[in-house]
1. Every residue in the stretch 13-39 that is aliphatic (A, V, I, L, M) and in a helix (DSSP H, G or I), please.
2. Please go through the stretch 40-59 and give me each residue that is outside any loop (DSSP other than H, G, I, E, B) and touching a strand residue (DSSP E or B) at 6+ places or on another chain (Cβ under 8 Å), ordered by number.
3. In the stretch 308-332, what residues are under 18 Å from ILE349 (Cα atoms) and either among the basic types (Lys, Arg) or surrounded by 20 or more Cβ atoms within 10 Å (Cβ to Cβ) (or both)?
4. Hey, among VAL79, VAL98, which residue is under 30 Å from ALA25 (Cβ atoms) and assigned by TED's automatic domain parsing to the domain that holds TYR18?
5. How many of the residues making up the stretch 61-91 are outside any strand (DSSP E or B) and in contact with a Phe, Trp or Tyr (Cβ under 7 Å, 6 or more places away or on another chain)?
6. All but one of (1) buried (at least 18 other Cβ atoms within 10 Å of the Cβ); (2) under 25 Å from ASP142 (Cα atoms); (3) aliphatic (A, V, I, L, M) hold for LEU342; which doesn't?
7. Are any residues in the stretch 119-143 within 28 Å of HIS258 (Cβ to Cβ) and either crowded, with 16+ Cβ neighbours inside 10 Å or modelled with pLDDT of 90 or more (or both), and if so, which ones?
8. For the stretch 40-92, which positions are under 24 Å from ASN126 (Cα atoms) and among the small types (Gly, Ala, Ser)?
Amino acid sequence: MSKKKKQNSISEYQTPKYNPRRISADALNALKRSVRVFGDLSGFVVNRRTKNVICANQRREALGPKAMTSIDWSDYYKVELGTAGAEFVSRERYGSMVLPTGVRFHVREVDWPEAFEKAANVAANNPELQGEFTPDLDGMLDDIQKNFPEEQKSLRFDKLWIKKFTEKNLNSIQKPLLYMTFVVTDKQKKGNRKSPAKTKGRHANGEIIMPDKKIIFRRANLKDFDKIKSFVDYWLSGRGMKNEENASDDYFVTKQQHHYYLRHGSTWIAIKNKRIIAWGVKRPNNVLYHLLIDGNCRGMGIGKKMLKLLNPDVIRSKTDQSTGDPSSFYEQCGYMPTSNILIGRRKIIKLMVKNYNKKISTRKK
């Protein structure tokens, strides 16, 4: 006796948690309408009436002569398609095209008028009916780079960094960072500030004189790992300002993340009396992921100086921080939100980019 094939449903499978894609409500509704009007346009779709390939022309070009294999067709079946007031029954069949390697491609043969065929071609390639990458993508790109480094460029994954997050070519507008040392004074706290003097060259130094109140801003290195982790854990666990208005109780950064930031990203720290009082991280794609200031040192302009040194082109602003939404702070520093849509798994991340019409100031009003 032959065994019956096990039947299961797509509902038995789930969307992976790592999926770095989102789709807006409007795009999802348009996609639903496309499926209703044209059916499945995801694979090879050919028109028996016109002998045209409606979908997957580029895939066919990529396969070359391999795509010229015979097709094992199913029996014909009927499908109800079309737009409101112009519905029709399409006589179709499905087939499988098998390459010498055993890879299979599904082919859908339809019988459509040319006008309907053209509409389906546009719908299949319309980016307004598709989702888009979220900043969670860069974490997956890190994994791909680690596990499949030889495919990073061949599959053009390297072109995905930031590309979906901003409309500008950010690589062309990155600026070199300066190593700067500042001394913060009591006058500076009150708003009477002087711009730090800068010496010539990339590693310029500048300072505002004040006895016994020196704050050093510098790039972090692996030797700073323990102190950075202690500082971040202390403030993000809420131990720093328990039961106070600016207490922080957000989330922890893992050891692996700290090591990655120190080795591959741009990590800056501010030090006062040999103690870290500020920490900021910009990842290799020039996106700011973290900016944390000691709760006892806020309101001194340290955050603005850190932001100026990190000089990100894009900021991931976490809107539900226990200290409040920092978006207004970033706007004061010359950044603007890309849209009103919040992203991320919990929909709490606001993407912000440089506002080139606004001059960034480090002066406190």
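1. ALA25, ALA27, LEU28, ALA30, LEU31, VAL35, VAL37
2. The answer is PHE44, VAL45, VAL46, ASN47, VAL53, ILE54, CYS55, ARG59.
3. The answer is PRO312, ASP313, VAL314, ILE315, ARG316, SER317, LYS318, TYR330.
4. Criteria check complete, one pass: VAL79.
5. Counting residues in the stretch 61-91 that are outside any strand (DSSP E or B) and in contact with a Phe, Trp or Tyr (Cβ under 7 Å, 6 or more places away or on another chain) gives 2.
6. Going through the list (1) buried (at least 18 other Cβ atoms within 10 Å of the Cβ); (2) under 25 Å from ASP142 (Cα atoms); (3) aliphatic (A, V, I, L, M), LEU342 breaks only (1).
7. PHE133, THR134, PRO135, ASP136, LEU137, ASP138, LEU141
8. Residues satisfying the conditions are SER42, GLY43, ALA56, ALA62, GLY82, ALA84, GLY85, ALA86, SER90.
The values are calculated or read from the model by the stated rules, or taken from the named source; none is laboratory data. As the structure is a prediction and not an experimental result, all values here were calculated from the model. When we count neighbours, we look across all protein chains shown, and the Cβ atoms used for this are built from the backbone with ideal geometry, even at glycine.
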